Amino acid sequence: MQLQTTKTTRRAFVGALSVLPWVGTALAQGSMTGMMNNMGGMAGMGGMSSAAAALAGLDRIGTGASLASLVKLTNTSQEAGVFRATLRAAPVSVGLMKDGTKTDVWAYNATLPGPLIEVMEGDTVEIEFINDLPQPSTIHWHGLPVPSDQDGNPHDAVVAGGRRLYRFTLPLDCAGTYWYHPHPHGFTAEQVSRGLAGLFIVRAKNDPLASIPERHVVFSDIKLNSDGRIADNDMNDVMNGREGQFVLVNAQFQPVMSFDARGRERWRIWNANSARYLRLNLPGAVFTLVGTDGGLLQSPVTGMTELLLAPAERVEVIVDAPANGGIVSLVTEPVERGKMGAFAPDQAITLMKVDFTNARPKGLVALPARLRRIDDLGPVKAQKRVVFSESMSMAGGMHSMKFLVNGKSFDMKRVDFVSNINEVEMWEIVNKSDMDHPFHIHGTQFQVIESEVDGKVTKGPYRAWRDMANVKSGEIVRLKMVQSQKGLRMFHCHILEHENAGMMGQVKVV
Ligand SMILES: [Cu+2]
């Protein structure tokens, strides 16, 4: 939705993620000394706000508005096959709360969530990025196969007040559901939590589901103080990843979706939360999973009653209206992910209401049995092993906590792995820490081959393209992938506070 900053409005604005390691740089350098003093409390957190302002109550934002469509980024190009536009990141003040209290956010083109970019596979994309933030920033094209020097790496920061052109041509067969967000060194979590994230859809020239009405559902939580300001991080945010008390849908709080009268919709769902996992449940309705991060599955997976999405993960599902109709709440159930410290127990949260009253599912045809061809990548030529760990120590009488990859904190100057271009690799992601970590790698999509817990191996349930894989505590997940462009690629935990605190590495493709 477009922000209207000149007038007070009751509509629920503000969107996009949450997180705010205002302590970002210190964490990236691994100096969390002082952070862990008093595990559940706020004392001794050098660099963080020690004034624990009261959080806003859930009644401060109005509910029940009609679910908004995403604002589309306008293509200014006259040339066929070229998408050209400008994205300007800047502070903007928005009226989110129903009493008119303003909230200062950072947004792309003053829009929350950031505008939707829609292109066809094979298109050339040219985005001029204007950085009007008080910090360096970049735009990372999450999940898309773009050249390394166009992918918003932390090494290619655009200074405050600066600008640059991102230009890339998308290959064929990359249709899918993607997004974009900042990736500057030490500031990613803060910038995303302040509102910077947008959506990106690559459409297929031949889409077997094109006749089904499409719905876009973007989840992003925001943490607000009672004075309307975006809250500082507390200890739980730093350890477990930041979760805002308001879980927004298309930047609205508990809106109402009026389901298509013909009784069937195709939903593209984005988990744009910084740390909050989603376990979606729509009582009475059944989901048919048809796509993951990197586009359609080979075959539909029917009969799913809940959808688990790690942070940054996307799915496409077909939803058929229940025979009895009515108004049903879409909820997210608690997810056990090994959170640490003292925190309030997670509860089921209502995300939005789905109004099936006018939906009449009649004569719905069966979905195609084959949606797309996904081949196995072939024989493995090289192996990589990534170990996620956490370390806690006492230094100078203060606790300190680190999030590590292969025992090390992220260093922009260190290349962790070298991979050969176009060579099939098996990546083994090992989680030796106490909490779940969602693995993400730039530049390519992978296939989940299997996972292993206590020596018991479970094969991946279906062939799919993904750029996110949750790795539970004590689990090993094996992924097959190929990098088809040279250059430096990041891989990291997508709980943004963990990434900021060092849980990131880099692979150089040669
Ligand atoms: Cu993590």
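The values are calculated or read from the model by the stated rules, or taken from the named source; none is laboratory data. These figures come from a predicted structure and were not determined experimentally. No Cβ is skipped: glycine too gets one built from the backbone with ideal geometry, and neighbour counts run over all protein chains shown.
Has the stretch 446-454 got at least one residue that is out of contact with any Pro (no Cβ under 6 Å at 6 or more places or on another chain) and either within 16 Å of the ligand (Cβ to nearest atom) or closer than 22 Å to SER274 by Cα (or both)?
Within the stretch 446-454 (the criterion being out of contact with any Pro (no Cβ under 6 Å at 6 or more places or on another chain) and either within 16 Å of the ligand (Cβ to nearest atom) or closer than 22 Å to SER274 by Cα (or both)), the answer is yes, since at least one residue qualifies.
Table: residues versus (1) within 16 Å of the ligand (Cβ to nearest atom); (2) surrounded by fewer than 24 Cβ atoms within 10 Å (Cβ to Cβ).
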{"residue": "VAL202", "(1), (2)": "no, no"}
{"residue": "ASP207", "(1), (2)": "no, yes"}
{"residue": "PRO213", "(1), (2)": "no, yes"}
{"residue": "ILE230", "(1), (2)": "no, yes"}
{"residue": "ARG262", "(1), (2)": "no, yes"}
{"residue": "ARG266", "(1), (2)": "no, yes"}
{"residue": "ASN273", "(1), (2)": "yes, no"}
{"residue": "GLY284", "(1), (2)": "no, yes"}
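Using the structure shown, decide if VAL509 is of a type in the set (A, V, I, L, M) and more than 14 Å from the ligand (Cβ to nearest atom).
Numbers: of a type in the set (A, V, I, L, M): yes; more than 14 Å from the ligand (Cβ to nearest atom): yes.
Yes, satisfied.
This table checks each residue for (1) surrounded by 20 or more Cβ atoms within 10 Å (Cβ to Cβ); (2) of a type outside the set (Lys, Arg).
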| residue | (1), (2) |
| --- | --- |
| SER433 | yes, yes |
| GLY443 | yes, yes |
| ASP454 | no, yes |
| VAL457 | no, yes |
| LYS480 | no, no |
| HIS492 | yes, yes |
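Test each condition in (1) within 24 Å of HIS181 (Cβ to Cβ); (2) of a type in the set (Asp, Glu); (3) away from the ligand (no atom under 16 Å from the Cβ); (4) touching a Gly at 6+ places or on another chain (Cβ under 7 Å) for GLU497 and report the one that comes out false.
Result: GLU497 fails condition (3) only.
Just to be sure before I move on: is ASP467 within 16 Å of the ligand (Cβ to nearest atom) and modelled with pLDDT of 95 or more in the structure I sent?
Working: within 16 Å of the ligand (Cβ to nearest atom): yes; modelled with pLDDT of 95 or more: yes.
It is true that ASP467 is within 16 Å of the ligand (Cβ to nearest atom) and modelled with pLDDT of 95 or more.
From the list PRO379, PRO368, exactly one residue is closer than 30 Å to VAL290 by Cα and in contact with a Leu (Cβ under 9 Å, 6 or more places away or on another chain). Which is it? Spell out the reasoning first.
Working: PRO379 fails: in contact with a Leu (Cβ under 9 Å, 6 or more places away or on another chain).
Matching residue, one of PRO379, PRO368: PRO368.
MET412 fails exactly one of the following numbered conditions: (1) within 24 Å of the chain's Cα centre (by Cα); (2) at pLDDT 95 or above; (3) within 16 Å of the ligand (Cβ to nearest atom); (4) farther than 24 Å from GLN298 by Cβ. What is the number of that condition?
All conditions are met except number (3).
Within the stretch 234-265, can you find the residues that are over 19 Å from the mean Cα position of the chain (by Cα) and in a loop (DSSP other than H, G, I, E, B)?
ASP234, GLN254, PRO255, PHE259, ASP260, ALA261, ARG262, GLY263
Have a look at GLY263, GLY186, GLY198, GLY244 and point out the one that is within 20 Å of ALA54 (Cα to Cα) and of a type in the set (Gly, Ala, Ser).
Result: GLY244 is the single residue among GLY263, GLY186, GLY198, GLY244 that is within 20 Å of ALA54 (Cα to Cα) and of a type in the set (Gly, Ala, Ser).
Looking only at residues that are small (Gly, Ala, Ser) and at positive phi in the stretch 424-465, which one is farthest from the chain's Cα centre (by Cα)? Talk me through it step by step, then tell me what you get.
Narrowing the stretch 424-465 to residues small (Gly, Ala, Ser): 433, 443, 451, 455, 460, 464.
Now restrict to residues that are at positive phi: 443, 455.
Working: GLY443: 16, GLY455: 30 Å.
Within the stretch 424-465, the match that is farthest from the chain's Cα centre (by Cα) is GLY455.
Given (1) more than 16 Å from the ligand (Cβ to nearest atom); (2) in contact with a Lys or Arg (Cβ under 6 Å, 6 or more places away or on another chain); (3) modelled with pLDDT under 95; (4) farther than 30 Å from ARG203 by Cβ, where does LEU364 come up short, assuming only one miss?
Going through (1) more than 16 Å from the ligand (Cβ to nearest atom); (2) in contact with a Lys or Arg (Cβ under 6 Å, 6 or more places away or on another chain); (3) modelled with pLDDT under 95; (4) farther than 30 Å from ARG203 by Cβ one by one, LEU364 breaks only (4).
Take THR188 and tell me if it is farther than 18 Å from CYS493 by Cα, touching a residue at least 40 places away in the same chain (Cβ under 8 Å), buried (at least 24 other Cβ atoms within 10 Å of the Cβ) and under 21 Å from the mean Cα position of the chain (by Cα).
no
Evaluate the following for HIS155: is it modelled with pLDDT of 95 or more and within 18 Å of the chain's Cα centre (by Cα)?
no
Kindly evaluate PHE446 against the criterion of being free of Cβ contacts under 8 Å to residues at least 60 places away in the same chain and assigned by TED's automatic domain parsing to the domain that holds VAL386.
Against the criterion (free of Cβ contacts under 8 Å to residues at least 60 places away in the same chain and assigned by TED's automatic domain parsing to the domain that holds VAL386), PHE446 qualifies.
Report whether or not ASN324 is of a type in the set (S, T, N, Q), in contact with a Pro (Cβ under 8 Å, 6 or more places away or on another chain) and part of a loop (DSSP other than H, G, I, E, B).
It is false that ASN324 is of a type in the set (S, T, N, Q), in contact with a Pro (Cβ under 8 Å, 6 or more places away or on another chain) and part of a loop (DSSP other than H, G, I, E, B).
For the stretch 303-315, give me the residue count where each residue is in contact (Cβ under 8 Å) with a residue 24 or more places away in the chain and under 20 Å from PRO208 (Cβ atoms).
Qualifying residue count for the region: 2.
Is the stretch 347-355 home to any residue that is assigned by TED's automatic domain parsing to the domain that holds GLY62 and in contact with a Lys or Arg (Cβ under 8 Å, 6 or more places away or on another chain)?
Among the residues of the stretch 347-355, not one is assigned by TED's automatic domain parsing to the domain that holds GLY62 and in contact with a Lys or Arg (Cβ under 8 Å, 6 or more places away or on another chain), which makes the answer no.
Can you tell which of LEU58, LEU96, LEU73 is at pLDDT below 95 and either farther than 21 Å from GLY143 by Cβ or crowded, with 16+ Cβ neighbours inside 10 Å (or both)?
Matching residue, one of LEU58, LEU96, LEU73: LEU96.
Residue by residue through the stretch 108-132, note down the ones that are touching a residue at least 40 places away in the same chain (Cβ under 8 Å), under 21 Å from the mean Cα position of the chain (by Cα) and assigned to a loop (DSSP other than H, G, I, E, B).
ALA110, LEU112, PRO113
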